[in-house]
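Here is the structure we will look at.
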Amino acid sequence: MSDPTLPETMAEIFARHRGQEGPMLPILHSVMEAFGHIPEGVVPLIAEELNLGRAEVHGVISFYHDFRKEPAGHHLLKICRAEACQAVGANALTERVLSKLGIGWGETTPDGRITVEPVYCLGLCACGPAAMVGNRVIGRADEAKIEEALA
Amino acid sequence: MKIYVPRDSAAKALGSDAVAAAIAAEAEARGLDVIVIRNGTRGMIWLEPLVEIEEGGARRAFGPVSPADVPALLDGTLEGLGKVDYIPFFARQTRLTFARCGLIDPLDLDAYEAHGGLAGLRRAIAMTGQQIVDEVKESGLRGRGGAGFPTGIKWQTVHDAEAEQKYIVCNADEGDSGTFADRMIMEGDPFTLIEGMAIAGLAVGATKGYVYLRSEYPDAIEVMNEAVRIGRARGLLGADVLGSGRAFDMEIRVGAGAYVCGEETSLLNSLEGKRGIVRAKPPLPALEGFLGKPTVVNNVISLATVPVIFEKGAQHYADFGLGRSKGTMPIQIAGNVKHGGLFETAFGMPLGELVNDVAGGTATGRPVKAVQVGGPLGAYMPPSKFDTPFAYEEFDGQGGLIGHAGVVIFDDTADMLQMARFAMEFCAVESCGKCTPCRIGAVRGVETIDRIAEGDGGAKELLVDLCETMKDGSLCALGGFTPYPVMSALENYPDDFATRKEAAE
Ligand SMILES: Cc1cc2nc3c(=O)[nH]c(=O)nc-3n(C[C@H](O)[C@H](O)[C@H](O)COP(=O)(O)O)c2cc1C
Ligand code: SF4
Ligand code: FES
């Protein structure tokens, strides 16, 4: 089921990025912004715009963690798994959050509300555990702070 | 009255937006004439949100401040910290690169100039490219992204290359756990980076710059984009940089969540729109970099340090430091720490002094068990190595590295076998896939450590062999240096690998 507005949106995105050197990542970020994921239907359009093979475009999309093929839940919660946050209990926090939501890393709650993903450092390492909901950063994260951000 | 409330993302993560809103609302309700300025952070993260009130030319600090403290803050009854400059953690620093961070509104170009900004660029404009390169060489500046390569020598190569187009690429991928200096300066003093890149452009004859900024830093992306826009509008960037008749412009590019894209050749592939696979060297990026053109690739802090070198002179900078580690390093102290944050100091301070005196030991108050220096590819240093001076060669001599100068502290509850396992797991997740010892070796590493955890002591020898293979057979430091944290954990904490453990849940 392809989105009928897709070609139009893509034309707009391409116009915005024409003239840039190495426009692939900027285009993919714009696609993420417009659709919340990378719909399969954009691949041939990008391939044509940038004069590349479809396989090549797929290859780029699959290389990067940010470019998801499926939409995320209403809220995207990222919890830092890296060393500095582990030093202040990130693993235990993650376990509590995931078990409460009843999902694992990378999964979405059945009601489609929350997706939880690991992230490796948010640059908040002096106030860990660190988490992020959308673009909102959370320091010294605990269940209460995370719940509040998800409300 | 001016009130400073940081917009740095660590301060925001601890509630500074709510504090700023509460101050504005309370001031309005009281009919007070208050200007709220959103500055960068002073780097004392345990005191964030750290609010400063400026009245009669003096700034007094308060922190951590919560919205509930705001009435008392405005009444003048809240207990304060005094002047920031006298807080011991701050007073002990030598702030060169971070001199303005936290002091000014990051997007106020006039305030930037009033505090020494643009003086370096103006001086560089009057010099030839070769003179600029020589000044950087004389300063002794080495790359702050990890490898410590002399910046002036890199610039010389690009300067000498013949090409109709050259580039300055700033590596703002800052993926190392325990590091946030790049983020802090981009959010707190972005014009320093822009000025440094412009000087680099003049030095080597590059007219275009890119900042490759990781997507995990939305606040830094916003500030940098805005600073570039202002820089263009005010003639700092564009066809005629500060009236010099020379062109330099730049663009902010956002990464897409791959640690390996911090490696410079992977970064260049990513910037070109390809998979972030590491390229074999040679050719050096200095000769065949972005789109095959001569390219300076430097870390944020390397470039952001260039303006102060030109403002104060190369010799002033080189007079700080220890041996071949010249100047200052913004050390980031993180993890389980009482006083965490950014501490800029001349190279040479012993690690133990940093951990115990400056940072006050662990937040939990328990004994320090290990300190990982230099990010996920850095060694775990036990307290027995705390007399190691913080400098490139000195850490190397102890089987460690300073990398981007992250210092992550762990207390005695840390399980070093699990930390070694995590290092292998991280390598497996983030490997670009080009070399077998990295791609497959890291997966085997996780399995082998699990076997040790299950009581198979013989697997330790296997792990050592595997580390050797990864060291010898990896193209870049992701596969090549992952053995550092693994082997240092195994060697320094044999007890964590000796006792029979339950398998990881
Ligand atoms: C796996 C890997 C990740 C790296 N990540 C970064 C990074 O995030 N930021 C950075 O500046 N350098 C990083 N580097 C080092 C760069 O390859 C390169 O040495 C550096 O950008 C050069 O700039 P400098 O000389 O100013 O340090 C990384 C290297 C490797 C092998
Ligand atoms: S060591 Fe790993 S990350 Fe580095 S080039 Fe080889 S496979 Fe890629
Ligand atoms: S390690 Fe978690 S924010 Fe840096």
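The values are calculated or read from the model by the stated rules, or taken from the named source; none is laboratory data. Because the structure is predicted, anything quoted here is derived from the model rather than measured. Cβ coordinates were reconstructed from backbone atoms using ideal geometry, including for glycine residues, and neighbour counts include every protein chain displayed. These accessible areas exclude ligands, DNA and RNA; they are computed on the full protein's heavy atoms, side chains included. Shrake-Rupley method; radii C 1.70, N 1.55, O 1.52, S 1.80 Å.
Some observations on this one:
- Exactly one residue out of B:E222, B:E226, B:E216 is under 30 Å from A:A87 (Cα atoms), in a helix (DSSP H, G or I), of a type outside the set (A, V, I, L, M) and open to solvent by 10 Å² or more (accessible area, probe 1.4 Å), and it is B:E222.
- If you go through region A:1-60 and keep only what is over 15 Å from B:R253 (Cβ atoms), in a loop (DSSP other than H, G, I, E, B) and open to solvent by less than 40 Å² (accessible area, probe 1.4 Å), you end up with A:G36, A:H37, A:I38, A:P39, A:G41, A:G53.
- Checked against (1) within 21 Å of the chain's Cα centre (by Cα); (2) polar (S, T, N, Q); (3) more than 21 Å from B:F343 (Cα to Cα), B:S177 passes all but a single condition, namely (3).
- Residue within region B:186-198 that is assigned by TED's automatic domain parsing to the domain that holds B:G116, within 12 Å of ligand 1 (Cβ to nearest atom), part of a helix (DSSP H, G or I) and charged (D, E, K, R) present: no
- Selection status of B:I194, away from every other protein chain (no Cβ under 14 Å) and out of contact with any Asp or Glu (no Cβ under 7 Å at 6 or more places or on another chain): yes
- Residue in region B:372-393 that is farthest from ligand 1 (Cβ to nearest atom), counting only those that are more than 15 Å from B:M349 (Cβ to Cβ) and part of a loop (DSSP other than H, G, I, E, B): B:P382
- Any hit, region B:468-488, residues being away from ligand 2 (no atom under 16 Å from the Cβ), modelled with pLDDT of 95 or more and open to solvent by 20 Å² or more (accessible area, probe 1.4 Å): yes
- A:V133, sole failed condition from (1) β-branched (V, I, T); (2) within 13 Å of chain B (Cβ to nearest Cβ); (3) open to solvent by less than 10 Å² (accessible area, probe 1.4 Å); (4) more than 11 Å from ligand 3 (Cβ to nearest atom): (3)
- So B:T207, is it open to solvent by 30 Å² or more (accessible area, probe 1.4 Å) and away from ligand 2 (no atom under 16 Å from the Cβ): yes
- Residue count, region B:242-267 (criterion: more than 9 Å from chain A (Cβ to nearest Cβ) and either within 19 Å of B:N225 (Cα to Cα) or not charged (D, E, K, R) (or both)): 14
- Some residue of region B:429-439 being within 30 Å of B:G352 (Cα to Cα), within 16 Å of ligand 3 (Cβ to nearest atom) and of a type outside the set (D, E, K, R): no
- A:C125 vs. criteria in contact with a Phe, Trp or Tyr (Cβ under 7 Å, 6 or more places away or on another chain), under 27 Å from B:L50 (Cβ atoms) and facing chain B (nearest Cβ under 7 Å): yes
- Within region B:454-464, the set of residues being of a type in the set (A, V, I, L, M, F, W, C) and over 34 Å from the mean Cα position of the chain (by Cα) comprises B:A459, B:L462.
- Residues in region B:285-303 that are within 16 Å of ligand 2 (Cβ to nearest atom) and out of contact with any Asp or Glu (no Cβ under 9 Å at 6 or more places or on another chain): 0 in all.
- Qualifying residue in region B:279-291 (condition: over 22 Å from B:E430 (Cβ atoms), within 14 Å of another protein chain (Cβ to nearest Cβ), in contact (Cβ under 8 Å) with a residue 60 or more places away in the chain and part of a loop (DSSP other than H, G, I, E, B)): yes
- Residue check for B:V306: surrounded by 18 or more Cβ atoms within 10 Å (Cβ to Cβ), away from chain A (no Cβ under 14 Å) and either among the basic types (K, R) or within 12 Å of ligand 1 (Cβ to nearest atom) (or both): yes
- Those strands (runs of 3 or more DSSP E) of region B:1-116 in which at least 2 residues are in contact (Cβ under 8 Å) with a residue 40 or more places away in the chain, considering only elements entirely within it, cover B:2-4, B:51-55.
- Residue match in region B:178-189 (condition: at positive phi, modelled with pLDDT of 95 or more and either buried (at least 24 other Cβ atoms within 10 Å of the Cβ) or touching a helix residue (DSSP H, G or I) at 6+ places or on another chain (Cβ under 7 Å) (or both)): yes
- Here B:D456 fits the description: more than 12 Å from chain A (Cβ to nearest Cβ) and either at pLDDT below 95 or within 16 Å of ligand 2 (Cβ to nearest atom) (or both).
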